[in-house]
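What follows is a set of notes on a single structure, which appears directly below.
Just so it is clear, none of the values below were taken in a lab; they were calculated from the coordinates. Computed from a predicted model, the values in this text were never measured in an experiment. Cβ atoms come from the backbone with ideal geometry, glycine included; neighbour counts cover every protein chain shown.
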Amino acid sequence: MNLEQKTALVEELTEKLKGASGIYLTDFVGLNVKAITQLRARLRKQGFEYVVVKNTLAERAVTELKLPDVTAHFRGPTGLVISTKDPVGPARVLTDFAKENDSRPAVKAAIVERRAMSAAEVQRLAALPSREVLLALLAGALEAPMSQFAYTLQAKLIEMGALLEALRAAREG
């Protein structure tokens, strides 16, 4: 590969990483072609991209974008999972796939929302509920006090109606 090709690859990778909200570095040693193809398909289905590039080229792209320093993790075979929409989604996909495939691929590190994360942090991130579930929990937490207040007001209105009915009955009888 000549210098022009390397430069073009770095520029292409830099463009991909520029808009990424999540970048995961994985070690894919031990996965055969069939397993990697399945992983790529799962990631693609969720809207994520799996890229394998030379470590030195990936280091240049990360350094050029002034992302957190994860260059120490560019050792050995490294695959990048790039997410432009959901920064947490790839952590779930990689964790689920690793459970099914003898802990492969192993997550080396990640950059999520321009913050470096270790493999252990990625594991904790994967255990979090999805964004939709968290939003639903938040909506439920916000809605519960309002519902309780509305039920309390309704109970007082029913009690007032019962008292007025009892007063009417007492005056008539």
* Cα to Cα, under 19 Å, and not fewer than 8 places away if on the same chain: which aspartates and glutamates meet these conditions relative to residue 156? -> 165
* When the dipole is taken about the Cα centre of the chain, and only Lys, Arg (+1) and Asp, Glu (-1) are charged at their Cβ, what size is it in debye, to the nearest 20? -> 340 debye
* Can you list the GluC sites (Glu not before Pro) in the stretch 104-173 that are in a DSSP coil and have 16 or fewer other beta carbons within 10 angstrom? -> 113
* Assign unit charges at the C-beta atoms only (+1 for Lys and Arg, -1 for Asp and Glu), then state the dipole size of the stretch 129-173 relative to its Cα centre in Debye, rounded to the nearest 20. => 80 debye
* Of 66/99; 18/45; 34/66; 18/54, which ones are farther than 28 Å apart at the Cα? -> 66/99; 34/66
* Sequence-distant residues sharing a close amide H with residue 84 (under 5 Å, placed H) -> 21
* Asked: Hey, rough spin-label estimate for residue 11 and residue 135, points 7 angstrom out along Cα→Cβ, what's it come to in nanometres?
  -> 3.8 nm
* Structure fact -> Projected onto the charge dipole of the chain (unit charges on the beta-carbon of Lys, Arg, Asp and Glu, signs +1, +1, -1, -1), the Cα from 65, 151, 136 with the largest positive-side position is that of 65
* Structure fact -> If amide H atoms are modeled at 1.01 Å from N in the peptide plane, then the residues at a separation of 5 or more from residue 108, or on another chain, having amide H under 5 Å from its own are 25, 26, 27
* Under the span-like rule (Cα at least 27 Å along the axis, Kyte-Doolittle mean at least -1.0), DSSP H helices of the chain -> 131-172
* Asked: Does the stretch 129-173 come out rounded, prolate or oblate by the C-alpha gyration tensor, with a ≥ b ≥ c the root eigenvalues, rounded set by a/c under 1.5 and, if not, prolate when a/b is larger than b/c and oblate if not?
  -> prolate
* To do: For the chain, calculate the relative contact order in percent as a whole number, restricting contacts to Cα pairs under 8 Å that are 6 or more residues apart.
  => 26 percent
* Asked: For the chain, what is the Kirkwood estimate of the hydrodynamic radius, computed as the reciprocal of the mean inverse distance between distinct Cα atoms, to one decimal in Å?
  -> 19.3 Å
